[in-house]
Amino acid sequence: MLTEISRKRTETGTKTKDIVTMSKKKIVVLTGAGMSAESGLSTFRATGGLWEQHRIEDVATPEGWHKNPGLVLEFYNQRRKQLITALPNAGHLALAALEKDFEVEIITQNVDDLHERAGSSKVLHLHGELTKVRSTGPGAEVFELSPDQYTTHLGDKCPKGYQLRPHIVWFGEAVPEIDNAIHITGQADVFVVIGTSLNVYPAAGLLHYVPRTAPVFLIDPNEVIAPQPHIAVIKKGASEGMKELTELLKAYR
Ligand SMILES: NC(=O)c1ccc[n+]([C@@H]2O[C@H](COP(=O)([O-])OP(=O)(O)OC[C@H]3O[C@@H](n4cnc5c(N)ncnc54)[C@H](O)[C@@H]3O)[C@@H](O)[C@H]2O)c1
């Protein structure tokens, strides 16, 4: 459906004609661990601040890595093993389907690849990707793991001889993609937040960069922020919530 029309006048010989270009409205979506909960990947909150029975300090910080790199590598090997059998849920699929009527950009805090596997074409991973590893040497070169070689162990090195580590942004590390995420957020015609406790910064701060004119929807079965007049809360899980949102978004096409 036509959503926004921009007209350009062009000269063709002596005649002037209008060229009508249709541009879709842009929906920017910020997702967190709750997005993948219905795919069987657990969130932090569900497990009392633990990630799959592990303390965050042990498996998702530079200190944890220096203390016990073998444990950290094995933790992410297990997450990859879990990811192989996980499938995108109805929420992921509904987000991908929105691309028919909107330009959709997803900014995800998730390290899984379920948005991509659901068919979403623009996904920015703020906190890294399970399917990649990177060198601990200068330049921090990134390498894609092939699904049949989905593990990394102590002694696995990059071509320059440096130990490989998970391509994950750990707590306490810089978030290299945050400027891109801020830029994308600033272009939103509609902003959607799904399945994040909004406890992790700078991701949670993206809400401050949403243009004032853009409606904001938040899908989460739990209350994550105090009610605010400009945020429409859909208090449901990702799949049910996306069903409701898809209907509501028809008004914005
Ligand atoms: N799948 C993953 O990639 C994964 C899983 C666990 C943790 N993490 C990492 O942990 C950090 C945690 O921050 P966070 O805010 O993303 O997660 P979080 O665990 O802090 O919060 C999860 C949110 O999801 C909500 N939720 C639970 N079930 C849901 C459902 N069915 N549908 C929708 N929402 C649901 C919870 O109410 C909560 O608000 C992120 O940095 C992320 O990288 C990633």
Residue selected from the range 112-125 under the condition closer than 24 Å to Thr61 by Cβ and part of a loop (DSSP other than H, G, I, E, B), by the criterion nearest to the ligand (Cβ to nearest atom) = Asp112
Yes or no: Val111 touching a strand residue (DSSP E or B) at 6+ places or on another chain (Cβ under 7 Å) and at pLDDT 95 or above?
-> yes
Could you check Ile225 against (1) at pLDDT 95 or above; (2) closer than 30 Å to Gly40 by Cβ; (3) not acidic (Asp, Glu) and say which number it fails?
-> (1)
Residue that is surrounded by the fewest Cβ atoms within 10 Å (Cβ to Cβ), among those in the range 25-74 that are among the hydroxyl-bearing types (Ser, Thr, Tyr) and either modelled with pLDDT of 85 or more or in a loop (DSSP other than H, G, I, E, B) (or both) = Ser42
Would you point out which residue out of Val210, Val216, Val233 is surrounded by 14 or more Cβ atoms within 10 Å (Cβ to Cβ) and either in contact with a Ser or Thr (Cβ under 7 Å, 6 or more places away or on another chain) or not β-branched (Val, Ile, Thr) (or both)?
-> Val210
Only one of (1) within 16 Å of the ligand (Cβ to nearest atom); (2) farther than 21 Å from Trp170 by Cβ does not apply to Gly128, and that is (2)
Do we find that Ala226 is under 16 Å from Ile106 (Cα atoms), of a type in the set (Gly, Ala, Ser) and out of contact with any Phe, Trp or Tyr (no Cβ under 6 Å at 6 or more places or on another chain) in this structure?
-> no
Of the listed residues (Gly119, Gly137), the one being without any contact (Cβ under 8 Å) to a residue 60 or more places away in the chain, assigned by TED's automatic domain parsing to the domain that holds Ile219, more than 23 Å from Pro215 (Cβ to Cβ) and surrounded by fewer than 17 Cβ atoms within 10 Å (Cβ to Cβ) is Gly119
Per the list (1) within 16 Å of the ligand (Cβ to nearest atom); (2) crowded, with 17+ Cβ neighbours inside 10 Å, residue check on Ala96 breaks on (1)
For the range 182-215, how many residues are within 17 Å of Ala226 (Cβ to Cβ), more than 16 Å from the ligand (Cβ to nearest atom) and of a type in the set (S, T, N, Q)?
-> 0
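Yes/no per residue for (1) out of contact with any Lys or Arg (no Cβ under 8 Å at 6 or more places or on another chain); (2) modelled with pLDDT of 95 or more:
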position	(1), (2)
Val133	no, yes
Val142	no, yes
Thr151	no, no
Pro159	yes, yes
Tyr162	yes, yes
Can you tell me which residues in the range 157-186 are touching a residue at least 60 places away in the same chain (Cβ under 8 Å) and either over 21 Å from the mean Cα position of the chain (by Cα) or under 17 Å from Val59 (Cα atoms) (or both)?
-> Gln163, Arg165, Pro166, Ile168, Trp170, Phe171, Gly172, Glu173
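The values are calculated or read from the model by the stated rules, or taken from the named source; none is laboratory data. All figures in this text were calculated on a predicted structure; none of them were measured in a lab. Don't worry about glycine lacking a Cβ; one is built from the backbone with ideal geometry, like all the others, and counts go over all protein chains shown.
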